[in-house]
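I have placed the structure first, in the form of structure tokens, so that the comments after it can refer back to it.
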Amino acid sequence: MKTDGFKTFIRERAAALGFDACRFASAAEPWSAGERLAHFVEAGRHGDMGWMETTLKRRAHPTAMWDGARSAIVLGLNYGPGHDPLPEMDDRSAGYISVYARGDDYHEVIKGRLKTLAGQIAAKTDQDVKVFVDTAPLMEKPLAHRAGLGWQGKHTNLLSRTHGNWLFLGVILSAAEIEPDEPETEHCGRCTACLDACPTGAFPAPFQLDARRCLSYLTIEFAGPWPEEFRIAAGSRIYGCDDCLAVCPWNKFAQEANEGRVQARDALVSPRLADLAALDDAAFRALFSKSPVKRIGRDRFVRNVLYAIGNSGDSALKASAEALLDDPDAVVRDAADWATSRLSGI
Ligand code: B12
Ligand code: SF4
Ligand code: SF4
């Protein structure tokens, strides 16, 4: 069993690589997270994310994916914006891109560092390691909770007493037995701020999310045209959503991100909707080079922009919507039509 000296060594290496949190958990002990995941999928709350269904068995527990896993080293990278981002939505002629997506893609930022750290762990323990940052069927939040990095709040995200709600997670699984840290306890108490703030009512109960109603899912994962209810509720959110994170009172302990690569690029804070609606494929790729936004492609992104234009109340944007009425993409055409009619008669 690896104990204090080894753990201190790993924590120091993690800090040197720029991680803001590093803690240890057992990867082999049973947990209830797998059953809850099964309930989530059985209830259809994953929507069109079919990969959650196909990977259900392997995702249920770290040892279901890799039976040699004994310990988890859980890493957190702070991406705090340093201010409350929600007032940015007051400018209805601008789009709102969620804080996590305003810099470089966190997968790319974290992956190399995890690999470096995993190499150091493997060398010290002489045991196999595997690296995860949302890249394989592993439930990262319950592992982080168990490692004491924070707790899963009523909005289901992991938050911490030291970093608030703005932490990316990464995990290294190791075949070595490493003494686990104490798990964190839940500190939500009677607060319901995140549940009350959700613009689409996506929480069927505290600690449970119906992804089909979540604007993060709709803007990023869902390809088709949206039901009217969600188009209106989206306001100016064009990629992801931060409302349930940003209203949490524990953010008073959050700090601005140290890591320059996850800090916001100026062009991705309050970008003008008129400029975004005019993006063709090449301009879209150039604007979102290295950003996670690039993954959804121009058509889905422009669909989101058109819903925001429809909600803007800015008649000057009507021409931007009309220009897309003959777009080659059917979902974009439908969104352009919707936006045009919303802005007619203003
Ligand atoms: C699928 C997914 C999504 C889906 C579903 C989100 C969700 N909450 O499940 C969608 C597309 C909606 C999404 C959105 C976002 N995501 Co996401 N996503 C994931 C992914 C790939 C898997 C998560 C998962 O397994 N969900 C399935 C559900 C069932 O799991 P769960 O939330 O842990 O469910 C727990 C609770 O429901 C609870 N529970 C259920 N019933 C009950 C009852 C009681 C009484 C109790 C106490 C608990 C309880 O137990 C379950 C098991 O732990 C992870 C990466 C990974 N591999 O883990 C990133 C991840 C969770 N996402 C992340 C981020 C940043 C986001 C967004 C903030 C992005 C944004 N700004 O738009 C939003 C947040 C929305 C929200 N409120 O959750 C980060 C979160 C970091 C953190 N600190 O928590 C992760 C970890 C990626 C990463 N590596 O950093 N995401
Ligand atoms: S990310 Fe937005 S839409 Fe999704 S649960 Fe949180 S507040 Fe609701
Ligand atoms: S807003 Fe309140 S209920 Fe939601 S996660 Fe934060 S402390 Fe918990």
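Bear in mind that the values in this text are calculations on the coordinates, not laboratory data. Because the structure is a prediction, the values reported are computed rather than measured. Please note: Cβ atoms are built from the backbone with ideal geometry, for glycine as well, and neighbour counts cover all protein chains shown.
Can you give the translational diffusion coefficient of the range 243-332 in µm²/s, computed by Stokes-Einstein from the Kirkwood radius over Cα pairs at 10 °C and 1.306 mPa s? It diffuses with D of about 105 µm²/s by this estimate. May I ask you to derive the FRET efficiency for His107 and Ser344 from their Cβ-Cβ distance with R0 = 35 Å, giving the value to the nearest 0.05? The calculated FRET efficiency here is 0.25.
Backbone phi angles across the range 276-291, fed through the Karplus curve with coefficients 6.51, -1.76 and 1.60 (θ = phi - 60°), yield HN-Hα couplings of 5, 5, 8, 5, 8, 4, 5, 5, 4, 5, 5, 5, 9, 4, 6, 8 Hz in residue order; Gly and Pro are listed as x.
Simple rule: put +1 on each Lys or Arg Cβ and -1 on each Asp or Glu Cβ in the chain, find the dipole, and look at Asn78, Leu245, Leu317; the Cα lying farthest toward the positive end is Asn78. Principal axis analysis of the Cα atoms in the range 46-144 yields extents of 55, 33, 19 Å, listed in decreasing size.
Under the combined filter of DSSP loop state and at most 14 neighbouring Cβ atoms within 10 Å, the range 130-235 retains these trypsin sites (Lys or Arg not before Pro): Arg161, Arg190.
Relative contact order, whole percent, for the range 1-152 stands at 31, derived from Cα pairs under 8 Å and 6 or more residues apart. For the chain, DSSP calls about 90 percent of its internal beta bridges antiparallel. When only alpha carbons of the chain are considered, Rg and Dmax amount to 21.0, 71 Å.
Annotation for the range 257-315: trypsin sites (Lys or Arg not before Pro) lying in DSSP loop with at most 13 further Cβ atoms inside 10 Å of their Cβ are Lys290. Other residues whose C-beta falls under 14 angstrom from the C-beta of Thr8 contribute a net charge of +2, scoring Lys and Arg +1 and Asp and Glu -1. If you wrap the tightest convex hull around every Cα atom of the range 190-346 and split its volume per residue, you get 129 Å³. A simple spin-label model places pseudo-atoms 7 Å from Cα toward Cβ; at Leu86 and Thr192 they are separated by 1.6 nm. Amide H to amide H distances under 5 Å link Ile178 with Lys2, where only residues 5 or more positions off or on other chains count and H is placed in the peptide plane.
Computed about the Cα centre, the dipole magnitude for the range 162-254 is approximately 520 debye when only Lys and Arg (+1) and Asp and Glu (-1) carry charge, each at its Cβ. Listed by chain and number, the aspartates and glutamates whose alpha-carbon sits under 16 Å from that of Lys130, ignoring those within fewer than 8 places in the same chain, are Asp67, Glu140, Glu177.
With R₀ fixed at 25 Å, the C-beta to C-beta distance from Ala323 to Ala267 puts the FRET efficiency at about 0.70.
Here is the short version for the chain: Cys22, Cys188, Cys191, Cys198, Cys214, Cys241, Cys248 have no other Cys C-beta closer than 4.7 Å. For the pair Glu29 and Phe253, a Förster radius of 35 Å applied to the C-beta separation gives a FRET efficiency near 0.75, rounded to the nearest 0.05.
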